[in-house]
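Here's the structure, in C-alpha cells; my notes come after.
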Amino acid sequence: LCSLLPTDEDHFSSEADAAVSEMTRGAVLVAQVTNYDSVTGLPLIQLWNLMGDEVVSINRTLVERGFARWLDYYRASL
C-alpha cells in the first residue's frame, strides 16, 4: 500500500494483516497505482472499499486504527 509504514516494526503486524483481510474480504475494491517500488518493481497503491454509497480508504483506515503510519512526505501533503 502506498505511503504507509508499519507502526514500530520492519513489517506489518499479524493484526494489521487481519484488519486488511477483514476490510477487503468479499468487498468491491478500487485500487489506484500511484507509483512503483524502486527495488522490487511492485505497484504501490491507494486502496478503497466501495460500501454502498460510501468509499472507504483502506490506507487511511489502517492509520486511524493504529496499524500503520503515514510516510512523512505524504502526511505533509494531506
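Bear in mind these aren't lab numbers, they're just calculated from the coordinates by the rules spelled out. Everything numeric here is computed off the predicted structure, so don't read it as measured data.
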Computed, not fitted: 222 nm per-residue ellipticity of the chain from DSSP H runs ≥ 4 (each -39500 (n - 2.57)), nearest 500, equal to -7000 deg cm²/dmol
Pairs of alpha-carbon atoms within less than 8 angstrom and 6+ residues apart define the contacts here; what relative contact order does the chain have, in percent? 37
Cut-off 10 angstrom, C-alpha nodes, Gaussian network model of the chain. Which of ASN49, ASN35, ASN59 fluctuates the most? ASN35
Is the shape of the range 4-75 rounded, prolate or oblate, going by the alpha carbon gyration tensor and its root eigenvalues a ≥ b ≥ c, with a/c under 1.5 for rounded and a/b larger than b/c for prolate? oblate
